[in-house]
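The values are calculated or read from the model by the stated rules, or taken from the named source; none is laboratory data. What you are looking at is a predicted structure, and each value in this text was computed from that prediction instead of being measured. We place every Cβ from the backbone using ideal geometry, glycine too, and count neighbours over all the protein chains shown.
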Amino acid sequence: MPIDFRDIPAAARKVLLLVEDPERRKALEQFMDSASPLVESAAREAVQELVEEINAQLAPHAQVRIVQNANQITAEVIQVGSERGRRGSPRFDGDTISKVLIRIPSTIKDMAAESAKRAGMSLNSWTVDILERAIDNLTESRKSTDTDRDEPAKDDNQQIGSNSYSKAEPERNQD
């Protein structure tokens, strides 16, 4: 169901029908016109905060993504592994297959099996995907740590182009 943020200030305009004095109504209309972008912005921020909270609760099984088209937004739910395009099949890339026996508490195995089921994957595929993600995250974390060590210290008030910033954040490689 798409949401159009312009509907929020439009709904507030309905109250103007209750104002009988034309001068007051015109003043209120001008106020509402100037406040509309702020109301829309506040609504977008509230939706973003809600999505972040939902994603924290869904992780690592799925993620909600907000897609904006002009003034409308819709939500997409992305299952674990689908963003890699594998749709539940492990990627082998010519590698030989190795078997690994792991001993884990049955409760963790049950939770993993349930998570795999919700993601529409076999437990094996889900486990391979989780391991790949963990390795990718570790590799990315190490790259950013190595980059931080290689960069010279930055002055807190250093300017780059026309933008100034107070705290330098490490740049992340886009591999």
Has the stretch 39-52 got any residue that is in a strand (DSSP E or B) and at pLDDT 80 or above?
no
Is at least one residue of the stretch 123-140 at pLDDT 55 or above, of a type in the set (K, R) and over 27 Å from E49 (Cβ atoms)?
no
Extreme residue, nearest to D4 (Cα to Cα), among residues of the stretch 15-69 that are among the hydrophobic types (A, V, I, L, M, F, W, C), exposed (fewer than 14 other Cβ atoms within 10 Å of the Cβ) and in contact (Cβ under 8 Å) with a residue 12 or more places away in the chain
A35
State all residues of the stretch 129-138 that are β-branched (V, I, T) and loosely packed, with under 11 Cβ neighbours inside 10 Å; if no residue qualifies, say none.
I135
